[in-house]
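The values are calculated or read from the model by the stated rules, or taken from the named source; none is laboratory data. Remember, it's a predicted structure, so these values are computed and weren't measured experimentally. All Cβ positions, glycine included, derive from the backbone under ideal geometry; neighbour counts span all protein chains shown. Just the protein is used for accessible areas: all its heavy atoms, side chains included, with ligands, DNA and RNA removed. Shrake-Rupley method; radii C 1.70, N 1.55, O 1.52, S 1.80 Å.
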Amino acid sequence: MKLRLIILVFVCAFIGCSDNQKEMLEVTSPKSKVKVVFNVNNSGQPYYSVMFNNGVVIDTSYLGFEFTNAEAIGTNLEILTASVNAFDETWQMPWGEQIDVKNNYNQLAVELQETSTLKRKLNVVFRVYDDGIGFRYEFPEQEGWAEALIMEEHTEFNLTEDYKTYWIPGDWDIYEHLYSETKFSEIDAISKRDHPNLAQTYIPNNAVNTPTTLVGDKGLHLSFHEASLVDYSDMTLGVDNENLKFKSILVGSENTEYKVKRSLPFNTPWRTIQVSEDAPGLIESNLIVNLNEPNKIGDVSWFKPMKYTGVWWEMHLGKSSWDYGMEQIDGKWVDTGKAHGRHGATTENVKRFIDFSAKNNIGGVLVEGWNTGWERWIGFPDREGVFDFVTPYPDYDFEEVINYAKEKGVEIIMHHETSAATETYTKQLDTAYALMQKYGMHAVKSGYVGKILPDGEYHHGQYMVNHYNNAVKKAAKYQVAVNAHEPIKATGLRRTYPNAISREGLRGQEFNAWSIERGNPPSHLPTVAFTRMLAGPIDFTPGIFNIKFDEYKDESQVNTTLAQQLALYVVIYSPVQMAADLVEHYEANPAPLQFIKDVGVDWEKSIVLNGEVGDYVTIARKEKGTGNWFVGGITNENSVSLNLAFDFLDENQDYEAILYKDGANAHWDKNPLDIEIVKMDLNKQSSLDIKLAEGGGFAISLKKKIN
C-alpha cells in the first residue's frame, strides 16, 4: 500500500468567546471543487452548507438528535474546538472495479458542547472530497452519559432547486421497488404502499431509500446515501415537498420506542452526498468505499471472483421447484413417499450444470433447494426451525456433487435461504459455515424472504443491520464469502470486510419471470446504474437468452434485447456474475455464449464512457491479469446512436475485437433475439458508431493481439 499522510492542523478555541462563533468554519476539497461551511446559530443550533464550483448545492441544514432516555440535543450548543486535517492515500482492492483507489480528502472535526447544565458533548466530522462529502456524528465518552437511546436523528439536506429525482420509497422491509422519476416536489412514496408483488413491505412515511440520485436543470448530479452502516439503523430520507428538503428518518422497530441503542463512545454511519458535473462521474466516484475502514480480515485470496450457473431460473419459470415433497412430523422432515417429482436440485441436474460450466470458463454452480425445509419456507408464521442448512433432500447426494465438481474444476456455491427466521440462522451459523469449510466451499448466497422473525423487526432496522454484519464477520472465520439477498443496503463495508462480495437489494431479474406487470421496464437498468449501483456490487443474475420463454409462461418475458443481456456483464458490476439461463438455452445459442465465456469478472480499471440517468450508459473495464478490455452499453425504451472512441486502450497495442450488437430489426419486445456479431481489429486510434435498439445494448470483447 502506498500511503502519504499530510497533517495540517488548525485548532480554534472558542470557549468563552461567543463572538468567534459568528465566524464560519470552512473546509474545501483538495482541488477546491467542494466546500463545506459549518457554524452554530444564535440559538446554538449546529448547521452546515455545501458548495460545488462556488455554487450552493446544500443550503443551511440543521443537525440534531432526539432520545427516549434523555433530552434532545440540537440547541444550546457551542463550538469548543475545530481542527482541519488533510489526508491522501492510495489503497488496493483485493477484488473490484479497479485495483488502485485514491483516498484524498480534507477533514473538519468540530467538538460541540451544550451551554446548559448538562454540558453534553457531540462531535461532527466532515470529510470533503472533490467528488462529494461524508459527515458523521461522534458521541465521545463523557461523564453522566453512558447510553444513547435514539428516537430519531434529525439530519437535514436543504436543496436549492426542484431537482429531477430518481427514487424508490423508504420501505423499511425491502428495496425491490421500481424507480420513479419525478420532480422532488412531486415525490409521493405513500402511493407505493401495499405493493401486491412483494414478499414483505412497510412504508410508514413520505420518504425515500438511498441511494437517491438528483439531476439539476444545469446538469449538476447529486446522490444521497450513507457509508459504513454498523450497529445502527438504515437512514431513509423524509421528503419535504414544499420546502425542497430531505430529513433523515431512521428505520425503527415495533418492539422498542427507540430506533438505535448504543453505548458511548460511538460513531454514526457517514451521511454522504456525491457531487458530479455529469452522470458518469457518479459511477466513477469511490466516495462510499473510501469512507469505510480498511480491511479487518486480512488475506482473502481464498475467494476467487467468478461467473456461475445454477439451479435457480428454472424454478422461476416453473420448470422445477425448490421443495421435494417431504412432510414435517414431530419437528423432523420425513420422506413419506409423496415426492412430487419436480424437485430441481437433484444430483443429476446439478451435474449437468457442472459439466456445462466446466466447458465454458464458468467457475461456479449455485444450487438452490438442496436442503430440507422448503415445504414450509414462506407463508407460515412458525418458520423458526424449518431449515437446518446441513441436511440434503433424498435425491441430492451432497458429497458426490462436491467431489464431481472438484474433478471438473468447478466450485459449488452454497445457498442458505433463512425465510427471515433469524434466530434459527444465527444459532446454526457455525454449523452451516463449518460444513462449507469442510468441503472447501468459499461462497454462499443467503436469502431473507418474508417478514422478519422475531415479529416487530424490519429488514432495515438496527437488529437486522447487526444480524447481516455479524453473519459476514463470522463467515470470514470460515473463509466464506457472502452474497446476501433481501439484504441491508450496501454502504461500502466490502472494504472493511472483503468477504461481503455482493448482494441483491433491488428489483432483480426474477421479476421478469413472474408476469409482464411485475417485470422490469427497459428504463430500469439504465436507472439502476446511477442509483443502486453507486452503493456497491449487484447480484442481478444477467444472461437470459430465451427472452420470451413461451414454453413455460406466455404472459412474461425479459424486457431487453439479447445484446443487452450480454452488456450487463460489464455494465452491472459484481465479482460474482451468474449466467442465469438454462443450459439448453445456452447450448442452442453458442455464438452469443462466447461473450459470457470470454468476459472477465475482476478488473484492473473501469471507465464510464458516457451516460444519462435512466436513459443509457456505456462502461469499459480492463480485466485484471490479462490486460483484455470489455465494453458494455445499454439503453432504455428509446433507441440511441453512440460514437465510441477507444482512446482508453493501451498504446501501441492492437486488439482482436468481437462486437455483439442489436440487429437492424432488434426491439426489446417485437424482436429481442435479433443480434449481429462482428469481428474486427481495434486500437487506441479507433472509433465506432453503434446503434442501440429500443431496450437494447451491445458488448465488445477486446483481446490483446500478440505482435
Worksheet item: Where does the charge balance sit around Thr68 when Lys and Arg score +1, Asp and Glu -1, over other residues with C-beta under 12 Å from its C-beta?
Response: -3
Worksheet, complete the sentence: Ranked output for segments 545-554, 282-291 by mean other Cβ atoms within 10 Å, highest leading, reads 282-291, 545-554
Item to complete: Take the solvent-accessible surface of the protein heavy atoms, probe 1.4 Å, and return the percent of it on the chain that carbon and sulfur atoms account for.
Response: 46 percent
Fill in: Lysine pairs with alpha-carbon atoms under 22 Å apart, the range 429-545, spacing 8 or more or separate chains
10
Worksheet item: On average, how much accessible surface per residue is there in the chain, in Å², for a 1.4 Å probe, leaving out ligands, DNA and RNA?
Response: 37 Å²
Worksheet item: So if R0 is 25 Å, what FRET efficiency would Arg342 and Ala199 give, r being the distance between their Cβ atoms, rounded to the nearest 0.05?
Response: 0.70
Worksheet item: If we sort 75-86, 504-515, 556-567 on the protection proxy, mean other Cβ atoms within 10 Å, highest first, what's the order?
Response: 556-567, 504-515, 75-86
Worksheet item: To the nearest Å, what is the center-to-center distance of the range 407-450 and the range 485-545, using C-alpha atoms only?
Response: 20 Å
Worksheet item: Reachable aspartates and glutamates from Lys703, Cα under 13 Å, same-chain residues fewer than 8 places away excluded?
Response: Asp598, Glu623, Asp650, Asp654, Glu656, Asp681
Worksheet item: Going by alpha carbons, how many degrees (0 to 90, nearest 10) lie between the helix axis of 562-571 and the longest principal axis of the chain?
Response: 40 degrees
Discussion item. Please compute the length gained on full extension between Glu293 and Ser639, using 0.36 nm multiplied by the number of residues separating them and subtracting their Cα-Cα distance.
Written reply: 120.3 nm
Fill in: Gain on full stretching of the segment that runs from Glu141 to Asp550 - 0.36 nm per residue minus C-alpha separation
140.9 nm
Discussion item. Heavy atoms only, 1.4 Å probe, whole protein assembly: order Lys319, Lys684 by accessible area, highest first.
Written reply: Lys319, Lys684
Worksheet, complete the sentence: In whole percent, the Cα-Cα distances of the range 283-357 spread across 5 Å bins from 0 upward as 3, 11, 12, 13, 12, 10, 9, 12, 10, 5, 3, 0
Discussion item. Between Asp188 and Leu80, how high is the FRET efficiency from 1/(1 + (r/R0)^6) when r is the Cβ-Cβ distance and R₀ = 30 Å? Nearest 0.05.
Written reply: 0.10
Item to complete: Before rounding to the nearest 500, sum -39500 (n - 2.57) across all DSSP H runs of length at least 4 in the chain and divide by the residue total; then give [θ] at 222 nm in deg cm²/dmol.
Response: -4000 deg cm²/dmol
Fill in: Computed FRET value (nearest 0.05) for Ile706 with Asp88, which takes r as the C-beta separation and R₀ as 56 Å
0.90
Worksheet item: Using the alpha-carbon centroid of each, what span in Å lies between the range 370-399 and the range 315-364?
Response: 11 Å
Worksheet entry | Under Karplus coefficients 6.51, -1.76 and 1.60, residue-wise ³J(HN,Hα) of the range 217-223 in Hz, glycine/proline x | 4, 9, x, 5, 10, 10, 9
Worksheet item: If one takes the longest principal axis of the Cα atoms in the chain, at what angle in degrees, from 0 to 90 and to the nearest 10, does the Cα axis of helix 462-477 lie?
Response: 60 degrees
Item to complete: Note the per residue figure in Å³ for the convex hull of the C-alpha positions in the chain.
Response: 157 Å³
Item to complete: With all distinct Cα pairs included, what does the Kirkwood hydrodynamic radius of the range 386-537 come out to in Å, to one decimal, could you say?
Response: 16.9 Å
Response to the item:
The helix 422-438 Cα axis meets the longest alpha-carbon principal axis of the chain at an angle in degrees, between 0 and 90 and rounded to 10, of 60 degrees
Discussion item. Using a 1.4 angstrom probe on the protein heavy atoms only, could you order His585, His459 from most to least accessible area?
Written reply: His585, His459
Discussion item. What lysines does Lys359 reach when the alpha-carbon gap must be under 19 Å and sequence neighbours fewer than 8 apart in one chain are set aside?
Written reply: Lys304, Lys307, Lys351, Lys406, Lys408, Lys597
Worksheet item: Which lysines does Lys553 reach when only Cα atoms under 22 Å apart count, and residues fewer than 8 places away in its own chain are ignored?
Response: Lys319, Lys670
